[in-house]
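Quick one: structure below, then a few questions.
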Amino acid sequence: GFDGKPHSIGIDYALLTQQTPLNNVNYISFSYLGVSQVEKPDIVNPLSGRSVRVPTITIEGTAEKDSEVAVYVNGIPQKVSKVERGGVWRVEGIYLSQGKNEITAYAQRMDFADSEPADPLTIFAQLIPPSLVTTVEKQGNEFVIKVSSEDDLRQVATRLPNDQTLALAYDQQQKLWVGRWQVPFEYLDKQLTLQTRGVDAQGNKTEISSEK
């Protein structure tokens, strides 16, 4: 009887020709071969849409007992895990690529058709640190610090020679981070080094940019 689970149906047929006094009669016989399909697994951890700064993550979920779960990242198979008692599974060491990673999973079981894919999980990996370019312009006794970056920086600051920190502001018109420092009298005739660093929304820091 029908158990409510998805099945794959195959049709096997045979052609039989029987001769009669007047003509030939062809008979076709059919037999149906049913194959149960494993239930679709679920990915429960981590949550979709997260951003990470690590090259590998752990995926956890639930699936039909006595099955195995194969994890795919951007359509490429990575690892297979057996479903433990209680219908839970866990796969460690799933490798991510820079940027967007779409992760899904299939449940597999001997003599059963593979399941439909689990609802996809999207993880964004920031493996390459953000970068910036700094220029310093001297205008009289004032230094104008300008920073450009192709990354989405949220904060940019410059360490000044007097051990103070100057926070730069983003200029929408110039598409630059800009800061101004009025050079104290005692530093006017000295060679100065300004160190600038930025941070993006995920907390990734740029390398320190030094300008003299």
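The values are calculated or read from the model by the stated rules, or taken from the named source; none is laboratory data. Fair warning: this is a prediction, and the values are worked out from it, not measured in the lab. Cβ coordinates were reconstructed from backbone atoms using ideal geometry, including for glycine residues, and neighbour counts include every protein chain displayed. Ligands, DNA and RNA are excluded from the accessible area calculation, which covers all protein heavy atoms including side chains. Shrake-Rupley method; radii C 1.70, N 1.55, O 1.52, S 1.80 Å.
Find the relative contact order for the stretch 81-212 and round it to a whole percent, using C-alpha pairs within less than 8 Å whose residues are 6+ positions apart.
20
In the stretch 86-212, what percent of the accessible surface is made up of carbon and sulfur (1.4 Å probe, ligands and nucleic acids excluded)?
After summing per-atom areas, the C and S share lands at 45 percent.
To continue, here is another question. Where in the stretch 73-112 does the amide nitrogen come within less than 11 Å of the point 7 Å from the Cα of residue 52, taken along Cα to Cβ?
In the stretch 73-112, the label zone of residue 52 (backbone N under 11 Å from the point 7 Å along Cα→Cβ) covers 91-97, 101, 103.
Can you report the principal axis dimensions of the stretch 133-176 using only the alpha carbons, biggest first, rounded to whole angstrom?
29, 22, 15
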